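Q: Have a look at the structure that comes next, please.
The values are calculated or read from the model by the stated rules, or taken from the named source; none is laboratory data. Bear in mind that the values here come from a model prediction, so they are computed numbers and not experimental data. Reconstructed Cβ throughout: ideal geometry from the backbone, glycine too, with neighbour counts over all protein chains shown. Ligands, DNA and RNA are stripped out before the accessible areas are found, and what is left, the full protein with its side chains, is counted by its heavy atoms. Shrake-Rupley method; radii C 1.70, N 1.55, O 1.52, S 1.80 Å.
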Amino acid sequence: QKEVEQNSGPLSVPEGAIASLNCTYSDRGSQSFFWYRQYSGKSPELIMFIYSNGDKEDGRFTAQLNKASQYVSLLIRDSQPSDSATYLCAVNWGNQFYFGTGTSLTVIP
Amino acid sequence: DAGVIQSPRHEVTEMGQEVTLRCKPISGHNSLFWYRQTMMRGLELLIYFNNNVPIDDSGMPEDRFSAKMPNASFSTLKIQPSEPRDSAVYFCASSSYRGPEAFFGQGTRLTVV
């Protein structure tokens with residue numbers, strides 16, 4: 001059974017703070033991990049992805065993988081009100097993308 | 001590129017009617033996915049096509065649901081007969097062997113009354 005789990009939140013952080021989002025996955029065989037952002041009423045859009053061989057930083061965003069504990073995290077530095085959205089974690093197994101239910105983030109001005 | 005194109009954007013239909021959702025993947029992409037999104041269950045993978053061939057349809061909830069991909073640029077998801085519990089947003093996504101990520105269409109919001 002391939003499962004991706006996220007805390008649904010809501011998570012609230014003040015503007016300028018660090019937002020930390022996490023997800024866990026069930027199958028150790030996965031090789032790639034994704035974070036998508038979804039604004040209300042819109043479609044998911046990719047923020048970043050990482051492979052199983054390392055972490056990645058892109059501007060204010062950092063994705064980290066802990067293979068031993070089977071979880072993936074997304075850190076958002078200097079959070080902005082425009083970062084308020086639902087963040088979806090996805091794991092690729094056999095070329096198929098399995099998503100968590102998402103974590104709702106609100107950045108308070 | 002225009003991205004993944006879905007139609008219609010909104011569909012309201014009566015219980016028992018047939019509903020057909022359409023998707024045009026990004027040109028050159030060889031994988032296509034249909035997802036259903038609800039508040040309770042999040043994004044559920046319904047079916048996955050690779051090179052126009054259905055690879056995994058284990059997520060299709062019932063026999064009322066069927067999907068086809070007659071060529072590389074077009075796919076349909078059909079619900080017959082539709083029921084109120086089918087109300088959700090249905091997303092189509094595509095990906096390429098050249099890159100690991102999936103790109104989503106704008107979705108079809110289906111309401112069955």
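Q: For the pair B:Asp56 and B:Ser7, what calculated FRET efficiency results from E = 1/(1 + (r/R0)^6), where r is the Cβ-Cβ distance and R0 = 25 Å, to the nearest 0.05? Intermediate values should be presented prior to the final figure.
A: Values: r = 24 Å, r/R0 = 0.98.
About 0.55, to the nearest 0.05.
Q: For the protein assembly as shown, with only Lys/Arg (+1) and Asp/Glu (-1) charged at the beta-carbon, what is the dipole magnitude about the Cα centre, in debye rounded to 20? Show your work: numbers first, answer last.
A: Values: 19 positive and 22 negative charges, 48 e Å.
Dipole magnitude for the protein assembly as shown comes out near 240 debye.
Q: While we're looking at this one, here's another question. Can you give the mean number of other chain Cβ atoms that lie within 10 Å of the Cβ atoms in peptide B:85-97?
A: On the way: counts 0, 0, 0, 0, 2, 0, 2, 1, 3, 0, 4, 0, 1.
Per-residue shielding by partner chains comes out at 1.
Q: Among B:Ile26, B:Ile55, B:Ile79, which one shows the highest mean-square fluctuation when chain B is modelled as a Gaussian network with alpha-carbon springs under 10 Å?
A: B:Ile55
Q: Residues in the stretch A:14-42, backbone N under 18 Å from the label point at A:Arg60 (7 Å along the Cα-to-beta-carbon vector): list them, ranges by number please.
A: Within reach of a label on A:Arg60: A:14-22, A:35-40.
Q: Equivalent-ellipsoid semi-axes (√(5λ), Cα gyration tensor) for chain B, whole Å, largest first? Each step should come with its number before you reach the end.
A: Details: eigenvalues 105, 38, 33 Å².
Semi-axes, largest first: 23, 14, 13 Å.
Q: Could you run the numbers on buried accessible area between A and B, total for both chains, 1.4 angstrom probe, in Å² to the nearest 100?
A: Values: alone 5930 and 6380 Å², together 10800 Å².
Between A and B, the summed buried area is about 1500 Å².
Q: With every protein chain left in place, what is the accessible area per residue of chain A in square angstrom, probe 1.4 Å? Kindly include the intermediate steps, with their values, before the conclusion.
A: Numbers: 5160 Å² over 109 residues.
Per-residue value: 47 Å².
Q: Using the Kirkwood radius over C-alpha pairs as Rh, can you work out the diffusion coefficient of the protein assembly as shown via Stokes-Einstein at 25 °C, viscosity 0.890 mPa s, in µm² per second?
A: Values: Rh = 18.0 Å.
Diffusion coefficient, whole number: 136 µm²/s.
Q: Quantify how strongly other chains surround peptide A:91-98 by giving the mean number of their Cβ atoms within 10 Å of each of its Cβ atoms. All intermediate terms of the calculation are to be shown ahead of the outcome.
A: On the way: counts 0, 4, 0, 4, 11, 12, 11, 4.
For this peptide, the per-residue mean of nearby foreign Cβ atoms is 6.
Q: What is the Rg over Rh value, at two decimals, for chain A, using alpha-carbon atoms and the Kirkwood definition of Rh?
A: On the way: Rg = 13.2 Å, Rh = 13.9 Å.
The Rg/Rh ratio comes out at 0.95.
Q: Got a number for carbon plus sulfur as a percent of the stretch B:1-65's accessible area, 1.4 Å probe? Could you put the intermediate results ahead of the total?
A: Numbers: 1690 of 3570 Å².
Looking at the stretch B:1-65 in its full context, I get 47 percent from C and S.
Q: So what is the relative contact order of chain B, in percent, for Cα pairs below 8 Å that sit 6 or more residues apart? The partial results should precede the final answer.
A: Numbers: 286 pairs, mean separation 42.0, N = 113.
Once normalised by length, the contact order is 37 percent.
Q: Calculate, for B:Arg41 and B:Thr111, the FRET efficiency according to 1/(1 + (r/R0)^6) with r their C-beta to C-beta distance and R0 25 Å; round to the nearest 0.05. List each step's numbers first, then the result.
A: Values: r = 17 Å, r/R0 = 0.68.
Step by step, r from the Cβ atoms, then E = 0.90.
Q: Compute a Gaussian network model of chain A, connecting alpha carbons closer than 10 Å, and tell me which residue from A:Phe97, A:Phe49, A:Phe33 fluctuates the most.
A: A:Phe97
Q: Using protein chains only (no ligands, no nucleic acids) and a 1.4 Å probe, work out which residues of the stretch A:25-64 have their accessible area cut by at least 50 Å² relative to the chain alone.
A: A:Ser43, A:Pro44
Q: Go through the stretch B:11-113 and name the chymotrypsin sites (Phe, Trp or Tyr not before Pro) that are in a DSSP coil and have 14 or fewer other Cβ atoms within 10 Å of their Cβ. Before the final figure, lay out the partial values.
A: Details: sites: B:Phe33, B:Trp34, B:Tyr35, B:Tyr48, B:Phe49, B:Phe65, B:Phe74, B:Tyr90, B:Phe91, B:Tyr97, B:Phe103, B:Phe104; in loops: B:Tyr97.
Filter output for the stretch B:11-113: B:Tyr97.
Q: How large, in percent, is the carbon and sulfur part of the accessible surface of the stretch A:1-77 at a probe radius of 1.4 Å?
A: Numbers: 1800 of 4160 Å².
The computed percentage sits at 43.
Q: Mind listing which trypsin sites (Lys or Arg not before Pro) in the stretch B:21-58 are in a DSSP loop and have 14 or fewer other Cβ atoms within 10 Å?
A: B:Arg41
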